[in-house]
Amino acid sequence: MKKYYVLGLRFTIAISYLSAVADRLGFWSKEVSAWGNWDSFVSYTKLLNPFLNDFLVVFTAYTVTILEVVLAIALIIGIKTSLASKVSGFLLITFALAMSISTGIKGVLDYSVLTAAAGSFALAELSKK
């Protein structure tokens, strides 16, 4: 059964990342998207990180997007799964902290960010050989 838990976590975490990236790049329809386009995502990044200047906000938005794509690919292919899932967990915890500080804990709970982080850390443990 462990093999199926690992596969399930790998694919659900990866698909979640790819869906979020698709949203900020405008691939989802306006009716179902959170951001809908890159500029809205950058504005959201600024909302979560009000202490950053404009250059660092854009840098952060690109960095997070690239990291999410790389992590998703690593999880789908199964390359360095334990490392990718640990990085994923820390990325999600960082996101949860930024959301909590900037907009409150409700969004973190409503969007299950902590659950996704826990799933990432569980995957890291389950992936150890």
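The slack in the chain from Glu125 to Leu52, taken as 0.36 nm per residue of separation less the alpha-carbon distance, amounts to 22.9 nm. Pairs over the 24 Å Cα-Cα cut-off, from the set Lys3/Lys80; Lys106/Lys128; Lys46/Lys106; Lys2/Lys80; Lys2/Lys86: Lys106/Lys128. Reported to the nearest whole Å, the Cα centre-to-centre distance from segment 103-120 to segment 1-60 is 14. Per-residue Cβ neighbour counts within 10 Å put Tyr5, Tyr17 in the sequence Tyr5, Tyr17, beginning with the fewest.
A short reminder: the numbers here are calculations on the coordinates, not readings from a lab. What you see is a predicted model, and the numbers here were worked out from it, not measured in a lab. Heads up, the Cβs are rebuilt from the backbone with ideal geometry, glycines too, and the neighbour counts pull from every protein chain shown.
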